[in-house]
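One structure is given here, and the rest of the page talks about it.
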Amino acid sequence: MINRKRKARIANLIGKIFIIVLFLVLIVNVIVPDKEKSELENRTLESRPRFNLTTVLSGDFMEQWEKYLSDQFAGRNTWRRVKVGLDRLGGAKMENNIYIGKGGQLMENIEVPDEDQLDANMTAIQNFAQTYEDIPVTMMLVPDAACILTDRLPAFAEVEDQRQMFSMAERKLGDSVNWIDTVSILNKHKSEKLYYKTDHHWTTQGAFYVFQDAAQTFGIEGDVSDDFVSYTVTDSFNGVLAASSGVGLDERELIDIYVPTEGDDDVIVDYVDEGRKTTSLYDSSKLDTRDKYGVFLGGNTSVIDIKTVSTSQKRLLIVKDSFADCFIPFLAPYYREIVVVDPRYYSGTMDEIMDTYRITDALILYSGNTFFTDNNISGVFSGE
């Protein structure tokens, strides 16, 4: 009888503690102001959705509300760490669609192409190449880490064959572009650090290997292997995959930049839509933020006009995602001007760019995952 009463008192106490804790959590979530951005995840957080009858009846309101609560929950980062820790104890090999590979290598899953969007992208690029038939167009798709570092994928991981996707894209584009076989180049160096452990980008070392092999495609003569020297600009990089997965948050990596060994590397970098100019391809202020990869060209923006002191008369258009940012410095010494367009942020058309900047050459440089899923590419090329 005494034991029964004691158990009842303990159960009653636990219930009260639970209610008090729940009440305190609710109070804290009401008092603590919403955050606009997560510095850890480097993304904008969901804001409180507006209540209206249409969104309630459609179910959109509840979906948005759940996302809002998930993003703005007090102590969210702590709870994420606890969840990830428990998942790892349970043997989880994936967090938030990110593989936890051997040696702590984090890798995005390979995205499945949207066939209609991919066809639209391919057709738009072909039409662009045909419209400007006197301008050489080079296509460089960079494989994502899970395509090259297959030996570091967790056991029994089933990923899409991105090499097959690249082959399909090459066949579809045919002779309309000069195709650079990045997969073969990177496979020759797969034992080296081609990708960051905590980020989805390739390293500047990986980019340099591709530049060396592809130099002739850009009309660059001779061996370029000794034309650049690397310098470490930070040893405390922790990338977006660590932030998104909650794994490897204590990992610290190097970011290297490559600069010409000879010649004048002076540039004027015009961020056209932002109305500002700099004299460097690198933004050192980014090294004091979580988004340290932004040291390359300052991160994402719509249009950048880079003027160099090169004696070349060639003007290069680069249509790209962020994988191009660490590749562009290798091209700067060989072009008089480089115009960089990111369709994710640019609302104009390629015709406007071509007319404004007297382009002589074009390069389309994307990571595989972005190219096969981006719905902005076709619109920018076709003007629709």
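The values are calculated or read from the model by the stated rules, or taken from the named source; none is laboratory data. Because the structure is predicted, anything quoted here is derived from the model rather than measured. Neighbour counts are summed over all protein chains in view; Cβ atoms, including those assigned to glycine, are modelled from backbone coordinates with ideal geometry.
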Gly294 out of contact with any strand residue (DSSP E or B) (no Cβ under 8 Å at 6 or more places or on another chain), buried (at least 19 other Cβ atoms within 10 Å of the Cβ) and modelled with pLDDT of 95 or more: yes
Residue count, segment 117-151 (criterion: of a type in the set (D, E, K, R) and either within 20 Å of the chain's Cα centre (by Cα) or farther than 26 Å from Phe327 by Cα (or both)): 2
Residue within segment 365-373 that is in contact with a Phe, Trp or Tyr (Cβ under 8 Å, 6 or more places away or on another chain) and assigned to a loop (DSSP other than H, G, I, E, B) present: no
Lone qualifier among Ala332, Ala324 - being touching a Pro at 6+ places or on another chain (Cβ under 9 Å) and assigned by TED's automatic domain parsing to the domain that holds Ala124: Ala332
Count - residues of segment 347-363 that are crowded, with 18+ Cβ neighbours inside 10 Å, without any contact (Cβ under 8 Å) to a residue 60 or more places away in the chain and under 21 Å from the mean Cα position of the chain (by Cα): 0
Leu149 out of contact with any helix residue (DSSP H, G or I) (no Cβ under 8 Å at 6 or more places or on another chain), surrounded by 15 or more Cβ atoms within 10 Å (Cβ to Cβ) and among the hydrophobic types (A, V, I, L, M, F, W, C): yes
Sole exception among (1) modelled with pLDDT of 95 or more; (2) farther than 28 Å from Tyr195 by Cβ for Glu352, by number: (1)
Filter result for Ala155 (assigned by TED's automatic domain parsing to the domain that holds Leu365 and modelled with pLDDT under 95): yes
